[in-house]
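Visitor: Structure below; questions to follow.
Here, each number is a calculation from the coordinates, and none is a lab measurement. On a predicted model such as this, the values are computed, not experimentally measured, just so you know. Cβ coordinates were reconstructed from backbone atoms using ideal geometry, including for glycine residues, and neighbour counts include every protein chain displayed.
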Ligand SMILES: Nc1ncnc2c1ncn2[C@@H]1O[C@H](COP(=O)(O)OP(=O)(O)OP(=O)(O)O)[C@@H](O)[C@H]1O
Ligand SMILES: [Mg+2]
């Protein structure tokens, strides 16, 4: 059974990772891939006085996001490794929802595990934009962990 587990490092996504691990533990043929998608939120990049963001700044932020993402994947992978479950990690740059949906389709996963909410601020809705888009568009079974 091919399982794709999505993590943004949030509390809710760690809960999803734990649920995925306790599910995979009981399967003989589980093949788990952990995905984290990093992106450059240009709204938080303060531009130079002339309004332009230099390539150098973008490159530095890109590097930082990539490093942060790697750490999140290592942390989440530990949860599987502690249970002796083999896990692959996937660090991709792009739009989180689109990238996860593409990977879920391309990789022909049987199950996608995702947290209901993530790092976003507004908690009024049950689902965040990523979990909502993934639940709507992915053809595999989706497990949304609350
Ligand atoms: N960049 C990402 N890479 C991998 N998985 C992600 C990413 N962002 C979110 N997820 C997954 O989606 C789940 C729900 O997060 P989502 O981003 O939809 O909610 P939110 O952050 O609360 O809201 P929003 O992002 O819409 O403000 C997370 O628990 C995580 O499993
Ligand atoms: Mg989010």
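Visitor: Using only Cα atoms, find the angle between the long axis of helix 96-106 and the longest principal axis of the chain, and express it within 0 to 90 degrees, rounded to the nearest 10.
Guide: Here the helix axis deviates by roughly 40 degrees.
Visitor: For residue 110 and residue 66, what does the FRET efficiency come to when R0 = 30 Å and r is the distance between their Cβ atoms, rounded to the nearest 0.05?
Guide: That gives a FRET efficiency of 0.55.
Visitor: Apply 1/(1 + (r/R0)^6) to the Cβ-Cβ distance of residue 95 and residue 27, taking R0 = 25 Å, and write down the FRET efficiency to the nearest 0.05.
Guide: Computed FRET efficiency for residue 95 and residue 27 comes out at 0.25.
Visitor: Using a basic spin-label model with each label point 7 Å from the Cα along Cα→Cβ, how many nm lie between residue 83 and residue 125?
Guide: Rounded to a tenth, the inter-label distance reads 2.9 nm.
Visitor: Where does helix 55-81 land angle-wise versus the long Cα axis of the chain, in degrees 0 to 90, nearest 10?
Guide: Once rounded, one gets 20 degrees.
Visitor: Right, something else. Pairing the Cα long axis of helix 11-24 with the longest principal axis of the chain, what angle in degrees results, from 0 to 90 and rounded to the nearest 10?
Guide: 30 degrees
Visitor: Right, here's the next one. Given C-alpha coordinates of the chain, what is the ratio Rg to Rh with the Kirkwood estimate of Rh?
Guide: We get a ratio of 1.01 for the chain.
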